[in-house]
Amino acid sequence: MGGDAERECWELRSGVGVGPLQFGMSPAGVAQALSVSGPQERVGGPYAQEDFPDGVKTFYDAGKLACVALDAVTGPQVFLSGFPLAGSDPERGQQFLLDHAAEHGNWVLYTPDDSLSLTDLGVLLRSQQVGAARLTRPLFVKEEWLDSQYFRDHLPLEGASG
């Protein structure tokens, strides 16, 4: 994982978005914010999904950005209180979120796939298989998706049939 030196760092803006992306953006607005002409791939499923260069996946609800997923290795890095959310050991990542929640009074939620989320921050920490290792893969989700039982049970699972 020597690519960390070149990895772009994005800022988490709780409830608003991450990096240059803001919840509610149109697909064209997302491409413009990422300084690309468009996605590398569009994927079908329950949500419109677009895959962009450098490990960024976006998900839309009614044509508006609702979720951003970052690849564990190639995606931008986002820190929460100094902890790297992308590319860390999943057990350490979950423990960090639990400790952060205890210290800051965040709302904790386990999703149906056993991922851990701090709902009031809109952070969902999943794991991703990278070679022989599993690493953390953060998703940043608009608050309504984590507040709603329906959306919580149907959060995007890339590669899952649905």
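The values are calculated or read from the model by the stated rules, or taken from the named source; none is laboratory data. These numbers come from a predicted model, not from an experiment. Just so you know, the surface numbers come from the protein's heavy atoms only, side chains and all, with ligands and any DNA or RNA stripped out. Shrake-Rupley method; radii C 1.70, N 1.55, O 1.52, S 1.80 Å.
Structural remarks
- Considering only Glu91, Glu50, Glu143, the mean-square fluctuation computed in a Gaussian network model of the chain, springs between alpha carbons under 10 angstrom, is largest for Glu91.
- Cα gyration tensor shape of segment 100-153, rounded if a/c is under 1.5, else prolate or oblate by comparing a/b with b/c: oblate
- Where only alpha carbons of the chain are counted, the Rg and the Dmax (Å): 14.6, 42
- Per residue accessible area of the chain, 1.4 Å probe, in Å²: 50
- Within the accessible area of the chain, the carbon and sulfur atoms contribute 49%, probe 1.4 Å, all protein chains present.
- Note on the chain: helix-only mean residue ellipticity at 222 nm, from DSSP H runs of 4+ residues weighted -39500 (n - 2.57) and normalised by residue number, equals -5500 deg cm²/dmol.
- Its relative contact order, with pairs defined as Cα atoms under 8 Å and 6+ residues apart, puts segment 1-155 at 20 percent.
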